[in-house]
Amino acid sequence: MKVNMTHYKKMVGTFDSLSSRQRLISSGLFFTILMVSLPAFFLYVLPGHDIWFHLMRIEGIKDGFLSGQFPVRIQPGWLNEHGYATSIMYSELLLYLPALLRWIGLPIGLVYNLYIIGVNIATVLIAYYCFNKVVGDSLCGLMMAVFYSANVYRLSNIYSRSAVGEYTANGKIATDTASFIRFAEFVPQFFVTDYHMTLASQVYRDGMTNEMPLSIGVASALILAAGIKRRQAAEKEKTGALSIFFNQDEYLSGITAENDSVMIDYTSQYNKLNVTLTNPGEQTAIEIPRINYQGYQAKHLESGDFMSISSGNSGRLKIDIPAGFRGTIAVDFVSPFYWRGAELISLLTFLGLSLGTLMKHKKSSTRLIIAWNKMMH
């Protein structure tokens with residue numbers, strides 16, 4: 001208790017040592033973060049449009065960690081435990097933070113709300129830093145940071161749409177907004193329309209306006225129409241084959257065999273699956289509850305040989321079983337070597353850039369404090 005009181009007194013002493021303007025700025029930033037984060041302090045998660053998808057992503061990354069993957073590529077729990085490669089199609093680095101909290105046992109709703117609060121903290125501070133740099137006045141920068149952080153579109157992305165990728169990117173967009181602040185005064189009117197200012201809002205007053213009170217503007221509509229028209233010819237020749245991957249009913253649990261005489265027993269944990277079987281007849285094949293993404297391997301444990309695999313019904317993983325086969329087949333996902341090479345290049349690039357930045361700013365911590373104090377004046 002004494003230690004906690006000591007830290008508390010130090011914090012109070014630090015705050016008291018600030019000038020009146022610094023106190024105003026610090027308090028303004030704190031209450032702005034608190035204001036835009038209030039719904040995240042509930043004991044439940046608000047039911048946004050995409051909330052279940054993103055909660056599944058967090059849970060899927062956690063399950064990917066438990067399956068031995070890093071970075072996670074196949075999330076095991078999707079499609080009746082067939083697994084889904086959402087991590088290949090979405091940038092998920094920042095979602096590793098809530099996934100790690102989920103891994104240590106925190107509830108999924110709590111870690112998602114903590115993620116929202118973290119994004120709001122980053123967005124408010126980045127917005128203040130950028131706008132303060134643009135206008136050269138800390139009070140004006142604070143006011144603009146409040147307007148940016150609390151704008152209806154950003155808050156609808158968080159609490160109405162649950163658009164994780166979009167509201168996470170809003171923090172970075174603050175830097176772009178500051179760079180093109182004069183241009184941005186005109187662009188929203190041309191590309192975005194407020195529903196409350198349209199005739200349609202009278203008809204949909206109790207519907208769309210209460211959920212997402214913004215629509216695309218004239219320019220956005222024209223761009224969208226041109227893009228759709230350009231793609232129509234190509235889309236006519238495409239089949240709906242890929243649509244099966246979004247139909248949960250296509251992926252029933254269990255293993256199926258072409259030959260009814262094959263005796264099968266199996267255990268499944270995350271992306272790993274062990275199949276013990278006996279095939280007294282001719283060569284046949286089985287389909288297991290996994291999607292045949294590139295990287296899956298099927299290995300005969302007794303001999304160490306790899307089995308031949310291909311895609312079966314609805315893209316399920318199909319394994320060829322020789323005549324008279326007896327033994328256990330271990331199925332697991334292994335990232336291709338060239339993926340690892342690309343990851344190594346990315347890691348070395350990041351380390352190189354970080355090292356170069358540190359060498360360029362040997363006294364970066366001191367400079368940061370000085371810069372912060374200057375911004376407060």
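The values are calculated or read from the model by the stated rules, or taken from the named source; none is laboratory data. Note that this is a predicted model, so its numbers are computed, not measured. So basically every Cβ, Gly included, is an ideal-geometry build from the backbone, and we count neighbours across all protein chains shown.
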Open item on the list: Would you confirm whether or not the stretch 295-303 contains a residue that is modelled with pLDDT under 90, surrounded by 11 or more Cβ atoms within 10 Å (Cβ to Cβ) and under 20 Å from Q75 (Cα atoms)?
Closed with: yes
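Residues checked against (1) farther than 18 Å from M263 by Cα; (2) of a type in the set (A, V, I, L, M, F, W, C); (3) under 35 Å from the mean Cα position of the chain (by Cα):
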{"site": "N292", "(1), (2), (3)": "yes, no, yes"}
{"site": "Y296", "(1), (2), (3)": "yes, no, yes"}
{"site": "H300", "(1), (2), (3)": "no, no, no"}
{"site": "D305", "(1), (2), (3)": "yes, no, no"}
{"site": "S308", "(1), (2), (3)": "yes, no, yes"}
{"site": "N313", "(1), (2), (3)": "yes, no, yes"}
{"site": "I319", "(1), (2), (3)": "no, yes, yes"}
{"site": "A323", "(1), (2), (3)": "no, yes, no"}
{"site": "R326", "(1), (2), (3)": "no, no, no"}
- [ ] Return yes when L139 is within 23 Å of D63 (Cα to Cα) and assigned by TED's automatic domain parsing to the domain that holds Y153 and no when it is not.
- [x] no
TODO: Scan the stretch 247-256 for residues that are within 18 Å of K318 (Cβ to Cβ) and either assigned to a loop (DSSP other than H, G, I, E, B) or at pLDDT below 80 (or both) and report the count.
DONE: 6
Open item on the list: For the stretch 273-284, which positions are crowded, with 18+ Cβ neighbours inside 10 Å and more than 16 Å from F333 (Cβ to Cβ)?
Closed with: L277, N279, T284
TODO: Mind telling me which of the residues L24, L93 ends up being at pLDDT below 90, assigned to a loop (DSSP other than H, G, I, E, B) and surrounded by fewer than 18 Cβ atoms within 10 Å (Cβ to Cβ)?
DONE: L93
Open item on the list: Which count do you get for residues in the stretch 96-120 that are surrounded by 18 or more Cβ atoms within 10 Å (Cβ to Cβ) and within 30 Å of L139 (Cβ to Cβ)?
Closed with: 3
- [ ] Look through V119, V124 and report the one residue that is β-branched (V, I, T), more than 19 Å from the chain's Cα centre (by Cα) and over 30 Å from S268 (Cβ atoms).
- [x] V124
Task: the stretch 339-377 - residue that is at pLDDT 75 or above and farther than 30 Å from I74 by Cα and, of those, surrounded by the fewest Cβ atoms within 10 Å (Cβ to Cβ) - done: M359
Task: Which numbered condition R161 misses (of (1) at pLDDT below 90; (2) within 28 Å of the chain's Cα centre (by Cα); (3) farther than 16 Å from I33 by Cβ) - done: (1)
- [ ] Determine, yes or no, whether G48 is surrounded by 15 or more Cβ atoms within 10 Å (Cβ to Cβ) and in a loop (DSSP other than H, G, I, E, B).
- [x] yes
Task: Flag for L317 being at pLDDT 90 or above and out of contact with any Asp or Glu (no Cβ under 8 Å at 6 or more places or on another chain) - done: no
Task: Criterion (under 29 Å from R23 (Cβ atoms), hydrophobic (A, V, I, L, M, F, W, C) and touching a residue at least 60 places away in the same chain (Cβ under 8 Å)) met by exactly one of A122, A145 - done: A145
